[in-house]
Amino acid sequence: MKKLYALFIWCILAGTLASCEKEDNINPDFVLTTAPDYLPTTSGTTWTYGGRSPYTCTVTGNTKVINGKTYQEMQNKVGTMEYKSYVIKEKGVYTAISLVTGMANLEIAILKEELPVGSTWEQTGIVNGLDVKLKFTITEKDVTKTIEGKTFKNVINVKLAGAYTYSGIETGIDFSTNYYFAKGVGLILMDFGANGKASLETYNVN
């Protein structure tokens with residue numbers, strides 16, 4: 001159980017879970033020119049987080065075609081460990097992929113910005129041989145949130161809860177996480193409840 005819990009926490013910090021990868025489509029000069037997003041993917045954009053597991057995330061400007069869709073690449077660093085994650089926005093839905101060793105093929109919709117408060121969605125997959133179900137709920141929208149002395153407007157709070165099935169029995173996992181996304185900024189806080197927080201310390205959105 002402790003191993004599974006640690007795996008879920010890692011998935012959250014990694015930018016959310018895994019998927020199979022196909023051909024690369026690298027374009028270092030790629031720049032996204034759209035209205036402000038809740039998770040910007042303009043080349044060179046960088047976030048630095050502190051708290052329970054400090055890490056940095058930088059948009060590289062490269063792209064990768066995964067399952068026929070073009071994702072924006074992010075370079076992540078947690079301590080001495082580095083890995084890449086990928087994000088795409090389609091019709092207000094942000095899907096994140098992190099190619100983590102040992103993970104099954106999962107593409108996770110981490111935010112649906114057009115849904116009203118109270119809306120939920122679920123996704124399922126296999127993690128370490130277990131059937132896993134993730135439930136997302138929009139608990140707040142267009143609120144103001146102060147993080148590390150900085151005030152952010154147009155914030156959406158997404159709550160994530162998980163459960164897994166073993167021997168035909170569904171068991172809830174003893175954690176939930178609240179993600180806070182600020183429009184034009186990105187992810188500003190991950191609140192793990194009793195297990196601590198990972199808060200945005202510095203950022204540069206190009």
Checklist entry - Which of the residues belonging to the stretch 187-201 are out of contact with any Asp or Glu (no Cβ under 9 Å at 6 or more places or on another chain), in a strand (DSSP E or B) and in contact (Cβ under 8 Å) with a residue 60 or more places away in the chain? => result Leu187, Met190
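Residue by residue, here is whether (1) at pLDDT 95 or above; (2) out of contact with any Pro (no Cβ under 7 Å at 6 or more places or on another chain); (3) among the small types (Gly, Ala, Ser); (4) closer than 30 Å to Thr202 by Cβ holds:
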position	(1), (2), (3), (4)
Thr120	yes, yes, no, no
Thr139	yes, yes, no, yes
Leu160	no, yes, no, yes
Thr171	no, yes, no, no
Next on the checklist: Any residue that is out of contact with any His (no Cβ under 9 Å at 6 or more places or on another chain), closer than 15 Å to Ala198 by Cβ and not in a strand (DSSP E or B) - is there at least one of those in the stretch 54-61?
Outcome noted: yes
Checklist entry - Among the residues of the stretch 14-32, is there at least one that is under 30 Å from Lys133 (Cβ atoms), β-branched (Val, Ile, Thr), at pLDDT 85 or above and surrounded by 18 or more Cβ atoms within 10 Å (Cβ to Cβ)? => result no
Checklist outcome for this item: In the set Ala109, Ala163, the lone residue that is small (Gly, Ala, Ser), in contact with a Lys or Arg (Cβ under 6 Å, 6 or more places away or on another chain) and assigned to a strand (DSSP E or B) is Ala163
Checklist entry - So how many residues does the stretch 136-147 have that are surrounded by 13 or more Cβ atoms within 10 Å (Cβ to Cβ) and more than 14 Å from Leu111 (Cβ to Cβ)? => result 3
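Restricting to the stretch 140-171, count the residues that are of a type in the set (Val, Ile, Thr) and more than 19 Å from the chain's Cα centre (by Cα).
Number of matching residues: 7.
The values are calculated or read from the model by the stated rules, or taken from the named source; none is laboratory data. Note that this is a predicted model, so its numbers are computed, not measured. With ideal geometry, Cβ positions are generated from the backbone for all residues, glycine too; neighbour counts draw on all protein chains shown.
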